[in-house]
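Read the structure below first, then the notes.
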Amino acid sequence: MILLLGPAGLLLLVVFAAPLLHYAWLSNHADSVVTGLEPVLNHGANWIRLLQDQRFWQDATQTLRFALVSVGVELLLALAIALLLDQRWRGRGAVRAIALIPWALPTTVMALGWRWIFNTPYGPLDQLAHALGWPSLNLLANPAITWIATVVGDVWKTTPFAALILLAGLQTIPGDLYEALRLEGGSSWVCFRRITLPLLRPYLALALLFRLAQAFGVFDLIQVMTGGGPASSTESLALYAYLNAMRFLDFGYSATVVSGSFLLLLGLCLGGWLLSLGLSRPQRQQEV
Amino acid sequence: MSLRLSNIGRRAGQQWILRHLELTVSDGECLALVGPSGCGKSTTLRLIAGLDPADEGSIELGERDVTRLPAVQRRIGMVFQSYALFPHLSVADNLDLGLKIRGIAIQERRRRVSDVLERMRLQERAAHKPAQLSGGQRQRVALARALLRDPLIYLMDEPMSNLDAQLREDLRPELRQLVLRDQKPVLYVTHDQHEAMAMADRIAVLHQGRLEQIGTPSELYRDPVSLFVATFIGRPQINLLHTDSSSVLGVRPEALQLQADGLPCRLTHLEWLGASQLWYLDSPQGTLRMVLAADRRVPETIRVGWRPQDELRFDAVSGRRHR
Amino acid sequence: MPHQRRLWIVLLLAWSLGPLLWQLYTSFCSDQALVAPLAATPERWTLAHYRAVLNSQPPFWRYLLNSLFVGTSSTLLTLVIALPAAYALTRLKPWIARPARLLLLAAALFPYVLLFLALLEVARSLHLGNNLLALSIPYAALSQPLAILLLTAAFRDLPLDLEDAARLEGMGLWQRLRWVLIPLIAPATTSTAILVFLFSWNEYPIALTWISDASLLTLPVAMARIAGSSIYSVPYGAYAAATVLGSIPLVLLVLVFQKSIVSGLTSGAVKG
């Protein structure tokens, strides 16, 4: 029986475990044009450089900001969409299929589409601003706001996925719970607050966890939509690691950036888990 | 002797769920395994079928030790409680699949499948999926599949528990005749003692993983070895009187009679059973159940007694029968 | 209430389709019209962008074929490996199966982008670069966690009696899988296959680093290359035409297999 797991286990080992070990090893080596692209042990120099690397820490905060805002907005939208799709009305199946389309398209395809929509001065948004007599939005050239454009692109693409998970959760809630509360005189808001939200919590947690991890690794969208610019203001950790390897040909440091990102993610997960433990404990006592 | 279980045992973790089971079933005999749920009756079937391995003892089937033989090679005809028909295949394909796997030529397979379909009166249903059949039809397909296996033994795991009461009674003689026709041993698991008495030549009562008693239905009824068997077999249930601290006295409701020097009783409730009636009586010894002919009127004063030979005495602690 | 709902539905549709419709509109606009959309332009509509995309070297349908090939081979490879593994997970003792499932869940959550560098070195040292068939190996590996979890849930839902009955019919392990178990989980297999296909069709960072030969590019990389060709002036009209052409197969896939996709994602959420 265990033999049946063999091929899958081997594949997972090669693609998940081996790379992580390789990073641990390579991150302690210089491997760049300077060393003739041969790994040379450098005793933690990469890690010291990482700690002092302002661009890494800037990218880390940017990535985190992107992930938190994007996932937050996305979950709110997804909840609204799921509530809408959970009701019964004609044509629901067709609308559900159409709502899925953004999720199914390759990220890179619409990343460039967004670049066109946010284009200055020819994009529709700028044209509209122009027609209204407003100044140009300059969405892709202003380091202070360009990240918002990337959030829009990400929310558009990934909301359907979160909405479907929440929809699955909504459909597990038995309808007679609502009827019982309605008979007690509960309003729609009370129903939502007392039944929907508590019972949906595991699904919200799942969507949150899944999407946060994915948003933390954002790459396709940023690389194509802004290239990390303007002035590195939208650069993510994954993009920084990619640039280190593919543009600066510094593989050793790229591995350090990847490892550092991985450790950050691990720390965040641990922190989030501890936080959720702390939050859920007082509530449990209340229930008892 | 076509099935012989010797000292069979089965563990779940550290706990024995079946132990020291000795059984023989001969060709053309139907043995019913009865007992409350969790007593080990379904486990026994699964061990014989080879679906679970025995942790102790040996199983002989058709003069051959099959204890270590995998289920695939044992030639077992089994009818599951859920019928376990393959939902993606039509009735005919359900029956054909096993024959195909065993490498039987296509003409031969067609012939056998159509024979069994005819025998089971399922010809019109050959192309239907199991979901489109009634409960009785599904049961017949499951039985047909077992027959086609040409088995050394038939194992029936509560085959009628998913049918309604009327259909169950109608099917009993037919089922018995079908499976006993080819002179193989039949093991029939049920929790319904009534069904067991109607179907089986002998009955084995299991209790907490042990064989409590084995015998013909009338032996179990008249001569139970323990309190457990006495209460399990026979409906309405046997009356138990706690006469002294060391023993319990059992008297069947059918053995009670009205007699002038009996216990003074008061009628609390009366149930009509059709050909007979059942009285619930309040006596100094506790509640008594009594079966009487349907035309018996309730007398002014009720005094109830029994013949000494109808008494069954049991040890109050161990539940064993005093002889 | 229904009025309010209709408004929400319209908003949802506009949000989902708006950006795509704008690409559609752009793809038919002449360059002059793009630069001045509100001004009156004599030659507003054109098919020139489509002509340019279809006549480029290599032609656009080449990328579609590449993606189709990678998507299909990855899906097949994934299923061949994941089906027996998922079955084994449902039949193994809990002390092996539970940690294995947790590891799979962790792997499914892992942002796989971070693996690109190590995978690139694998491709280099084993000479797997510029080979579409080889590309399906990392794709199949990255799809394993989700595929195994989805298929495990499906196998677990099958009544145990069915497999017992198959054993008593004389079927060995492979025969049981072939004739009974795998046919019975066909719906879950379909939705898993579609999810894996979508992933492989859309995957970008690994394809970007493994494939450099222009005639072997998959669709996402080819599209991104158009963008990267010049930072300052992207040929938006031609690009929009490519977007429309590249989206058609996926839009069709979603519309046709909507039910399978939804049931796959939701059963993953409910049971995973």
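The values are calculated or read from the model by the stated rules, or taken from the named source; none is laboratory data. Just so it is clear, the structure is predicted and the values come from calculations on it, not from any experiment. We place every Cβ from the backbone using ideal geometry, glycine too, and count neighbours over all the protein chains shown.
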Per the list (1) in contact with a Ser or Thr (Cβ under 8 Å, 6 or more places away or on another chain); (2) outside any helix (DSSP H, G or I), residue check on residue C:116 breaks on (2)
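Matching residues to (1) farther than 30 Å from residue B:93 by Cα; (2) touching a residue at least 60 places away in the same chain (Cβ under 8 Å); (3) more than 10 Å from chain B (Cβ to nearest Cβ); (4) not in a helix (DSSP H, G or I):
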{"site": "C:166", "(1), (2), (3), (4)": "no, no, no, no"}
{"site": "C:170", "(1), (2), (3), (4)": "no, no, no, yes"}
{"site": "C:176", "(1), (2), (3), (4)": "no, no, no, no"}
{"site": "C:190", "(1), (2), (3), (4)": "no, yes, yes, no"}
{"site": "C:196", "(1), (2), (3), (4)": "yes, yes, yes, no"}
{"site": "C:206", "(1), (2), (3), (4)": "yes, yes, yes, no"}
{"site": "C:222", "(1), (2), (3), (4)": "yes, yes, yes, no"}
{"site": "C:226", "(1), (2), (3), (4)": "yes, no, yes, no"}
### Task
Evaluate the stretch A:121-128: report whether one residue or more is more than 10 Å from chain C (Cβ to nearest Cβ) and either modelled with pLDDT of 85 or more or not in a helix (DSSP H, G or I) (or both).
no
Of (1) farther than 17 Å from residue B:112 by Cα; (2) within 13 Å of chain C (Cβ to nearest Cβ); (3) without any contact (Cβ under 8 Å) to a residue 60 or more places away in the chain, residue B:164 satisfies every one except (2)
In the set B:258, B:240, B:267, B:288, the lone residue that is in contact (Cβ under 8 Å) with a residue 12 or more places away in the chain, over 26 Å from residue B:158 (Cβ atoms) and touching a Cys at 6+ places or on another chain (Cβ under 8 Å) is B:288
I'd like to check something: does the stretch B:51-58 contain any residue that is assigned to a loop (DSSP other than H, G, I, E, B), acidic (Asp, Glu) and more than 18 Å from residue B:156 (Cβ to Cβ)? yes
Of (1) free of Cβ contacts under 8 Å to residues at least 12 places away in the same chain; (2) surrounded by 23 or more Cβ atoms within 10 Å (Cβ to Cβ); (3) not basic (Lys, Arg), residue A:99 satisfies every one except (1)
- Message: Quick check on the stretch A:106-117. Is at least one of its residues more than 8 Å from chain C (Cβ to nearest Cβ) and modelled with pLDDT of 85 or more?
- Response: no
How many residues of the stretch A:152-181 are of a type outside the set (D, E, K, R), part of a helix (DSSP H, G or I) and farther than 17 Å from residue A:213 by Cβ? The answer is 17
Can you spot a residue in the stretch A:275-287 that is out of contact with any Cys (no Cβ under 6 Å at 6 or more places or on another chain) and within 14 Å of another protein chain (Cβ to nearest Cβ)? no
Scanning the stretch B:161-203 for residues that are of a type in the set (Asp, Glu) and surrounded by 14 or more Cβ atoms within 10 Å (Cβ to Cβ), the one farthest from residue B:84 (Cα to Cα) turns out to be B:201
Checked against (1) within 28 Å of residue B:154 (Cβ to Cβ); (2) in contact with a Phe, Trp or Tyr (Cβ under 9 Å, 6 or more places away or on another chain); (3) surrounded by 21 or more Cβ atoms within 10 Å (Cβ to Cβ), residue C:177 satisfies every condition except (3)
Scanning the stretch A:102-130 for residues that are among the β-branched types (Val, Ile, Thr) and surrounded by 20 or more Cβ atoms within 10 Å (Cβ to Cβ), the one farthest from the chain's Cα centre (by Cα) turns out to be A:117
Log entry, pairs with first residue in the stretch C:235-263 being at negative phi, second being of a type in the set (Asp, Glu) and buried (at least 19 other Cβ atoms within 10 Å of the Cβ), beta carbons closer than 6 Å, six or more apart or on different chains, reads none
Filtering the stretch B:57-74 down to residues that are within 8 Å of chain C (Cβ to nearest Cβ) and either within 26 Å of residue B:131 (Cβ to Cβ) or in contact (Cβ under 8 Å) with a residue 24 or more places away in the chain (or both) yields B:74
- Message: Against the condition at pLDDT 85 or above and either within 11 Å of chain C (Cβ to nearest Cβ) or over 22 Å from residue C:198 (Cα atoms) (or both), how does residue A:101 come out, does it pass?
- Response: yes
Counting only residues that are in contact with a Pro (Cβ under 8 Å, 6 or more places away or on another chain) and either surrounded by 17 or more Cβ atoms within 10 Å (Cβ to Cβ) or assigned to a loop (DSSP other than H, G, I, E, B) (or both), the stretch B:292-306 contains a total of 2
Over the stretch B:18-51, the set of residues more than 16 Å from the chain's Cα centre (by Cα), surrounded by fewer than 17 Cβ atoms within 10 Å (Cβ to Cβ) and over 27 Å from residue B:177 (Cβ atoms) is B:20, B:22
The strands (runs of 3 or more DSSP E) lying entirely within the stretch B:186-279 that contain at least 1 residues which are among the polar types (S, T, N, Q) and either within 21 Å of residue B:304 (Cβ to Cβ) or modelled with pLDDT of 90 or more (or both) are B:210-215, B:239-244, B:247-251, B:257-272
Of the residues in the stretch A:219-238 that are among the hydrophobic types (A, V, I, L, M, F, W, C), out of contact with any Phe, Trp or Tyr (no Cβ under 6 Å at 6 or more places or on another chain) and crowded, with 24+ Cβ neighbours inside 10 Å, the one that is nearest to the other protein chains (Cβ to nearest Cβ) is A:224
Assigned to a loop (DSSP other than H, G, I, E, B), surrounded by 12 or more Cβ atoms within 10 Å (Cβ to Cβ) and either more than 10 Å from every other protein chain (Cβ to nearest Cβ) or modelled with pLDDT of 85 or more (or both), is that true of residue A:272? no
Counting only residues in the stretch C:74-96 that are of a type in the set (Ser, Thr, Tyr) and surrounded by 20 or more Cβ atoms within 10 Å (Cβ to Cβ), the one farthest from the other protein chains (Cβ to nearest Cβ) is identified as C:75
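Would you mind listing the helices (runs of 4 or more DSSP H) fully within the stretch A:5-52 where at least 1 residues are away from chain C (no Cβ under 11 Å) and under 27 Å from residue C:106 (Cβ atoms)?
A:45-52
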Note: among B:47, B:95, B:31, B:85, just one is touching a Leu at 6+ places or on another chain (Cβ under 7 Å), within 14 Å of chain C (Cβ to nearest Cβ) and either closer than 19 Å to residue B:196 by Cα or not in a strand (DSSP E or B) (or both), namely B:95
Taking the stretch C:114-150 and keeping only residues that are more than 21 Å from residue A:242 (Cα to Cα), more than 12 Å from chain A (Cβ to nearest Cβ) and buried (at least 22 other Cβ atoms within 10 Å of the Cβ), one is left with C:150
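One line per residue, one yes/no per condition, for (1) modelled with pLDDT of 80 or more; (2) crowded, with 16+ Cβ neighbours inside 10 Å; (3) not β-branched (Val, Ile, Thr):
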position: A:132; (1), (2), (3): yes, no, yes
position: A:150; (1), (2), (3): yes, yes, no
position: A:162; (1), (2), (3): yes, yes, yes
position: A:175; (1), (2), (3): yes, no, yes
position: A:182; (1), (2), (3): yes, no, yes
position: A:190; (1), (2), (3): yes, no, no
position: A:194; (1), (2), (3): yes, no, yes
